[in-house]
Every structure is written in C-alpha cells, then in structure tokens.
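Visitor: Structure incoming, see below.
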Amino acid sequence: MNHSIKLRDLFQNRWYFTKRIKGLIALLKFVKNKDLVDSTSYPTYFEQQADLYADNIAIKYEDSLITYKELNEAANRVANYLANKGFGKGDTIALFMENRPEYLIYKLAITKLGGTAALINSSQKGNALVHSINLVKSSAVIVGEELIAPLQDVKEELCVQEPHYIVPDLDTLILAGGDFDCGVNIVKESLNSSSSNLAVAATLTGSDPAWYIYTSGTTGLPKASVQKHNRTMKALMSFGNLINPLSANDVVYSSLPLYHITALSACWFTAIHNGAALALSRKFSASKFWQDVDKHQATSFGYVGELCRYLLNQPESKFEKNNTIRTVTGNGLRPEIWDEFKSRFNIEEINEIYGASEGNLAAFNIFNLDKTVGMCLGSYELVKVDEETEEPIKDAKGRLIKTKKGEPGLLIGVIDDLTPFDGYTDPAKNESKIIRNAFKQGDAYFNTGDVLRNIGCKQLQFCDRTGDTNRWKGENVSTQEIENVSNKFPEVLESVAYGVEIPKTNGKAGMLSIKLNEHTNKLNGKGLYDFLQDQLPAYSVPIFVRIKDELEKTGTFKYLKAPLKKEGYNLNHVEDPIYVCLPGEKAYQPLTPEIATSIEFNNYRF
C-alpha cells in the first residue's frame with residue numbers, strides 16, 4: 001500500500017510538532033553536550049529520577065505497586081550483595097526471567113555494580129539458550145524460578161555452571177521465599193545488604209556497555225548487540241522527550257517482553273524519564289488486554305504490529321469502550337490496518353517508530369501522520385535491491401543505485417562519528433552488516449536489511465525485510481536457526497526455511513521446504529512438529545512444510561529461496577505436497593484446496 005504524504009499534511013499536524021519542540025531542544029542539548037553524554041549512565045540517571053520522583057509509582061503489576069524509591073533501594077540491595085561476592089565492572093551477568101517487576105530491578109542492579117546485563121529471550125531453550133549465555137562469557141546467571149527447568153536442561157554446557165542465582169516467583173519486596181537445590185535464593189541472601197547507591201555507578205562512562213540485547217540474524221543463532229550507556233541514554237532522552245512526552249500522572253501499559261528493545265525504549269524509558277508508572281503484564285493476552293488497561297487506568301501503551309492485529313481480531317469488549325488510552329508507541333503497525341486500529345480504539349496519537357537494537361539510525365513519527373514510521377534521524381539512503389538475490393544492485397561503476405520517491409528500497413545508514421555502528425560482540429558479524437564504497441571510495445553504510453519507501457516530505461513507510469530473517473509474532477525469526485534444527489530430524493536430509501505472507505496477518509509466516517531421506521516417502525507430521533516445537537521458540541516453528549525431491553542451489557552452493565517465497569503455499573503453482581499446522585493443532589496435516597481457501601479468507605487466526 002503506497003500511502004502518499006503531502007506538505008499540507010505536515011501543516012495540518014503542526015500541533016504535534018509544536019508539542020515536541022521543547023522535547024527536541026532538550027534532546028539536542030543532551031546529545032550535543034559530549035561531556036554530559038560521556039558521564040551519564042543508566043544507573044546514575046535512574047538514581048536521579050528516584051530522588052526526584054521518590055514517592056511516585058514506578059511499577060504497577062497485578063495488585064502490587066512499587067515506588068521509584070522502593071525500586072532503587074531493592075536494586076541497590078542486590079547490587080551490593082553481588083559486589084560483595086566479587087562481581088563488578090567488566091562482568092557480564094545473564095538475566096533469564098519472564099516479565100515481572102524483578103526483571104527491571106535486577107537489570108538495574110547489574111548496571112549499578114558496573115556490570116553488563118545480558119537480556120536473554122525468555123522463550124529460549126536448548127542450543128540457543130546455551131549459545132546466548134556463552135556468547136558473552138557470562139560470569140553468572142540470574143534466573144527466575146519460572147525458568148529453572150530450561151536452564152537446568154543445559155547447565156552442563158554453560159560457561160558458568162554455579163552458582164545460579166534464583167529469583168523466587170513471588171512479590172520479592174514482600175516475600176523472600178525458601179531455599180533451592182539448584183541455586184542460591186538471591187532475594188533471601190541479599191535481604192540485609194545495604195540499600196544505598198553504589199559508588200562505582202558514578203565512575204561509569206558513556207562508552208561502557210550497559211547490556212546486551214539479542215537479535216536474530218543470518219548466522220542462525222542469536223547475535224548480541226552491544227548497548228552502551230551513551231546509546232541507552234540517547235534512546236531514553238529520545239523517547240522521554242520527543243517521541244512520547246508524558247507527565248508524571250501518566251501510566252504506560254506494556255505486555256511486550258522486557259528483553260525486547262521496544263518494551264525497554266517505548267515503555268520503560270518513556271515512563272522513568274517523566275516520572276510516570278509502568279503497568280506491566282506477565283504475558284500478552286488479547287482477550288484481557290483492555291481489561292488490564294482499565295484496571296491500571298493506562299494512558300499509553302507499547303506495541304508491535306502483531307499485537308495490534310490480535311486486538312482487532314478480538315470481539316468488542318466493554319473495557320475498550322471509552323478507554324483511557326491517548327497515545328500508543330511501537331513499531332510494525334501495518335498501513336492496511338492502521339485506520340481501523342486507530343478508529344476502533346479511538347487512539348489519538350500513534351507514535352510509530354523504526355529502528356533496530358544493533359542499528360545506527362532510527363525514524364520517529366513525531367507529526368502523528370498516518371501510515372508512516374516518520375522521519376529518519378541521521379543520514380541515510382534508500383537503494384535498489386535485487387528481488388532474487390536480495391542484494392543491493394550496482395551500476396556499471398560498482399556503486400549503489402538510489403531509488404526514486406515512492407519506490408521501495410533497501411535502507412542503509414551512514415556510519416560516522418554522529419551515527420556510529422556499535423554492532424555486535426563478534427567483529428566478524430559487524431563487517432557483514434557494513435556496505436563499504438557504496439557511493440564513493442571510503443564511505444561506509446549500515447545495512448538494515450529492511451525495505452522502506454519515501455512517501456513524501458521525508459516520511460518513510462516500512463515495506464519488508466530482506467535476507468535470512470523475517471518477522472513473525474513481533475519477533476525476528478532466523479531462518480537458518482530453523483534449518484539447523486530441522487536438519488537434525490532423522491527423516492530430513494536437508495531443508496530451506498523462509499517467510500511467506502498469509503492474508504491479513506503482519507510479518508511473514510514460517511515455511512519449510514525439505515528433502516526427505518531416501519528411506520522416507522511420507523512426512524511424519526506429528527513427529528516433525530513435536531521435534532521443532534521442542535527445539536525452537538513457538539514463534540519460530542514453521543506454519544507450512546513443503547516436500548521437494550531436490551532443493552535448488554546457486555553455483556556457490558546457496559539455496560535459491562526467491563522462487564520458493566514467490567510460490568509460497570499456492571497449490572495452483574506448486575505440485576509438491578504441502579503440509580500445514582493450523583491454529584490449535586499440534587501436527588502438520590496435508591494442505592487441501594479447502595483448507596487453503598479458508599486460509600486465504602482469513603478463517604483461521606494464525
């Protein structure tokens with residue numbers, strides 16, 4: 001959908017720009033003050049806010065209320081305990097926990113002692129979990145009681161085997177819980193630790209790492225992007241001042257996972273910068289969403305595109321009527337459902353954003369315009385990309401070709417002193433994301449892997465992803481990780497994973513083309529599903545499976561995915577057997593014309 005923005009649209013929405021002038025000035029003042037950027041860290045900033053808004057509610061969770069002072073003191077007890085155990089600056093501590101207030105307490109505590117928090121995806125298990133913890137050479141693991149089982153399953157393969165610090169699945173500001181056979185109850189052990197701020201926090205600089213946020217990529221396993229304190233503070237100032245400026249009386253509701261950059265930036269950063277409250281949900285529930293909003297009297301919430309579609313698919317609720325939401329902030333709201341979403345839930349302001357945890361540029365919809373991710377901060381270009389190879393197209397001189405207005409193109413961002421590329425922990429992975437000599441000798445650009453278009457007045461609109469990663473259910477899905485797992489299934493000889501579109505869904509549903517071994521002539525639909533479900537996060541398990549006699553490759557032994565993506569699960573174009581796992585089912589079954597028609601008419605809610 002090519003939505004066009006005209007100059008008059010900007011003037012019609014000038015109130016939203018005027019509203020943000022003060023915030024923009026504050027943001028630029030901070031960013032341009034190099035000494036301030038270099039000397040401000042996440043923990044010292046939070047301590048400042050905890051003094052300023054001591055008695056304000058910081059977190060609402062179920063029936064619990066936690067003030068800024070209480071949260072800061074709880075984090076200090078944990079940080080002082082860990083410091084006394086020998087942990088400090090330079091240590092990485094893996095945080096493996098579901099959404100609850102303790103996640104934010106322990107994330108803050110780790111940075112207070114000068115350490116780096118590795119924010120592990122709470123749905124990981126098996127090899128991916130081992131990889132994520134070991135990749136950053138974790139010195140310890142802090143695990144929520146609710147996730148002990150998957151950690152115990154792989155404990156012998158971890159770089160750090162004991163002690164594991166366990167956070168009981170309780171309201172730990174009230175209850176400490178008992179002992180654990182498989183680790184130390186850190187809540188119980190830190191009860192008598194000092195609640196004073198740690199001196200080491202004041203010695204941190206902007207270039208020190210605050211945490212690692214994991215992103216799926218073409219390598220198949222998660223990559224750890226480095227989030228330095230200066231990057232964190234710029235994001236905090238951007239969201240709190242410019243993107244969604246709130247008051248101390250506001251309540252931001254989040255059902256997004258706290259290891260996700262959107263939950264941290266769009267929800268938590270916005271709240272603490274303004275002394276507002278974060279209303280936290282353990283997990284996203286479409287049926288209870290508006291009930292939670294009503295309970296907490298939330299005035300804003302964070303989203304990813306899939307969340308918005310799920311809410312639209314729900315029957316009307318009495319709680320959504322006359323709801324208290326004014327603004328929403330997030331990424332991935334598709335243009336085709338934008339109007340319906342805004343109208344049905346009476347959303348006044350949609351702060352659509354674009355960015356990546358490892359990227360060096362971001363876009364913000366500060367004008368409250370429809371169907372746009374807004375203007376990009378930083379220098380960038382949109383360049384033509386080959387639909388077959390998904391690589392940038394070069395001209396006769398070997399330079400990239402810029403797209404015209406309205407034409408989809410690969411988004412690449414200039415790498416310079418103002419917009420550096422901090423990248424991943426692995427330098428080799430960094431180089432794979434850099435395009436050198438793009439337009440002239442010596443230049444360097446970050447390859448976002450995303451296709452966007454300029455729809456007028458420098459407003460960008462998201463179109464699609466390229467490469468071996470696609471988005472599904474609000475997550476980046478690594479196709480190579482799926483291939484690595486499926487190839488271990490005894491009946492599979494080789495496999496290719498990719499994303500395909502299902503009508504009226506956001507992102508790309510997973511599809512797997514496989515070649516069975518010579519001793520197998522029929523897919524074991526139940527066996528393959530159980531195997532994939534056991535090894536992969538739920539959002540990564542493919543929806544469709546196609547059986548092929550041969551998987552085509554290039555001369556350099558790369559699988560040809562473009563034709564497979566184009567054919568999808570269209571039975572009119574595909575003679576191979578195709579299987580599908582329908583919502584609520586736990587096995588792959590043959591895709592019949594009747595089922596395919598029902599999918600096309602959106603009779604199933606994937």
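Throughout, read-outs are computed from the coordinates displayed, never taken from laboratory work. Small disclaimer: the values here were computed from a predicted structure and weren't measured. Every residue, glycine as well, gets a Cβ built from its backbone with ideal geometry; the counts of neighbours run over all protein chains shown.
Visitor: First check a/c for region 363-465, with a ≥ b ≥ c the square roots of the eigenvalues of its C-alpha gyration tensor; if it is under 1.5, answer rounded, and if not, answer prolate when a/b is larger than b/c or oblate otherwise.
Guide: Taking the square roots of the gyration eigenvalues as a ≥ b ≥ c, region 363-465 is oblate.
Visitor: At 0.36 nm per residue, minus the direct Cα-Cα distance, what do Ile25 and Ile401 gain on full extension? Give it in nm, one decimal, please. Provide the component values of the computation, followed by the final result.
Guide: Numbers: separation 376, 0.36 × 376 = 135.36 nm, distance 3.51 nm.
Going from the current span to full extension adds 131.9 nm.
Visitor: Follow-up question, since we're still on this one. Picking from Leu256, Ser540, Thr324, whose Cα lies most toward the positive end of the charge dipole for the chain (charges on Cβ: Lys, Arg +1; Asp, Glu -1)?
Guide: Most positive-ward Cα: Thr324.
Visitor: Right, next: Can you list residues whose amide H is under 5 Å from Ala118's amide H, if they're 5+ apart or on another chain and H is modeled 1.01 Å from N?
Guide: Sorted by chain and number, the residues that satisfy this are Ile93, Ala94, Leu95, Tyr212.
Visitor: If you average 1/r over all unlike Cα pairs in region 489-606 and invert the result, what Kirkwood radius do you get in angstrom?
Guide: Numbers: mean 1/r = 0.0680 Å⁻¹.
For region 489-606, inverting the mean 1/r across all distinct Cα pairs yields 14.7 Å.
Visitor: Moving on to the next point. Given Cβ point charges of +1 (Lys, Arg) and -1 (Asp, Glu) and nothing else, what value in debye, to the nearest 20, does the dipole of region 469-600 about its Cα centre take?
Guide: On the way: 16 positive and 18 negative charges, 73 e Å.
Here the size comes out at about 340 debye.
Visitor: A follow-up question, please. Tell me which trypsin sites (Lys or Arg not before Pro) from region 420-474 have a DSSP coil assignment and no more than 10 other beta carbons within 10 Å of their own.
Guide: Passing sites in region 420-474 are Lys440.
Visitor: Using a simple charge model, +1 on the beta-carbon of Lys and Arg, -1 on the beta-carbon of Asp and Glu, nothing else, what dipole does region 7-354 show about its Cα centre, in debye to the nearest 20? Don't skip to the end; give the middle numbers.
Guide: Working: 35 positive and 37 negative charges, 264 e Å.
Rounded to the nearest 20 debye, it is 1280 debye.
Visitor: Which residue, chosen from Ser513, Gly527, Ile482, occupies the Cα position most advanced towards the positive end of the dipole of region 469-600, where the dipole is computed from +1 (Lys, Arg) and -1 (Asp, Glu) charges on Cβ about the Cα centre?
Guide: Positive-end residue among those listed: Ile482.
Visitor: Let me ask something else. To one decimal place, what Kirkwood hydrodynamic radius in Å is obtained for region 7-354 from all pairs of distinct Cα atoms?
Guide: The answer is 20.8 Å.
Visitor: Among Leu198, Leu369, Gly86, whose Cα lies farthest out toward the positive end of the dipole of the chain, if unit charges sit on the beta carbon of Lys, Arg (+1) and Asp, Glu (-1)?
Guide: About the Cα centre, the residue reaching furthest to the positive side is Leu369.
Visitor: Using only the Cα atoms of region 282-373, build the gyration tensor, take square roots of its eigenvalues as a ≥ b ≥ c, and label the shape rounded, prolate or oblate: rounded if a/c is under 1.5, else prolate if a/b is larger than b/c, else oblate.
Guide: Since a/c reaches 1.5 and a/b is larger than b/c, the shape of region 282-373 is classed as prolate.
Visitor: Can you give the charge dipole size of the chain about its Cα centre, rounded to the nearest 20 debye, using +1 on the beta carbon of Lys and Arg and -1 on the beta carbon of Asp and Glu?
Guide: Working: 68 positive and 74 negative charges, 408 e Å.
Dipole magnitude for the chain comes out near 1960 debye.
Visitor: Taking the Cβ of Gln533 as the center, what net charge do the other residues with Cβ under 12 Å away carry, scoring Lys and Arg +1 and Asp and Glu -1? Spell out each step's value before the answer.
Guide: On the way: positive: Lys125, Lys526, Lys586; negative: Asp530, Asp534, Glu585.
It works out to a net charge of 0.
Visitor: Do me a favour and compute the ellipsoid semi-axes for region 269-308 from its Cα gyration tensor, root of five times each eigenvalue, largest one first, whole Å.
Guide: Output for region 269-308: semi-axes of 19, 13, 8 Å.
Visitor: Does region 165-300 classify as rounded, prolate or oblate by the C-alpha gyration tensor (a ≥ b ≥ c root eigenvalues; a/c under 1.5 gives rounded; else a/b over b/c gives prolate, otherwise oblate)?
Guide: rounded
Visitor: Distance check, please: which entries in Lys223/Lys566; Lys295/Lys321; Lys405/Lys440; Lys394/Lys433 exceed 19 angstrom between their Cα atoms?
Guide: Lys223/Lys566; Lys405/Lys440
Visitor: Further question on the same structure: Based only on Cα atoms, what mean projected area does the convex hull of region 103-239 have, in nm²?
Guide: Dividing the Cα hull surface by four gives the mean projection, 9.6 nm².
Visitor: Let me ask something else about it. Give the residue list of GluC sites (Glu not before Pro) in region 526-576 that are DSSP loop and have at most 15 other beta-carbon atoms within 10 angstrom.
Guide: On the way: sites: Glu550, Glu552, Glu567, Glu575; in loops: Glu550, Glu552, Glu575.
In loop regions of region 526-576 (DSSP not H, G, I, E or B), the sparsely surrounded GluC sites (Glu not before Pro) are Glu550, Glu552, Glu575.
Visitor: A further question follows. Could you work out the equivalent-ellipsoid semi-axes for the chain, taking the square root of 5 times each eigenvalue of the Cα gyration tensor, largest first, in whole Å?
Guide: Working from the Cα gyration tensor, I get semi-axes of 37, 30, 25 Å.
Visitor: With θ set to phi - 60°, apply the Karplus curve 6.51 cos²θ - 1.76 cosθ + 1.60 along region 242-248 and write out the HN-Hα couplings as whole Hz, x wherever there is a Gly or Pro.
Guide: These are the phi-based 3J(HN,Hα) values: 10, 6, 9, x, 10, 10, 5 Hz.
Visitor: Region 333-369 to region 31-91: how many Å between their Cα centroids?
Guide: Spelled out, the Cα-based centre of one part sits 29 Å from the other.
Visitor: Counting other C-beta atoms within 10 Å, and keeping those with at most 12, which DSSP coil trypsin sites (Lys or Arg not before Pro) do you find in region 503-606? Walk me through the numbers before you get to the answer.
Guide: On the way: sites: Lys504, Lys508, Lys515, Lys522, Lys526, Arg546, Lys548, Lys553, Lys558, Lys561, Lys565, Lys566, Lys586, Arg605; in loops: Lys504, Lys508, Lys522, Lys548, Lys558, Lys561, Lys586, Arg605.
Passing both the DSSP loop test and the Cβ count: Lys522, Lys558, Lys586.
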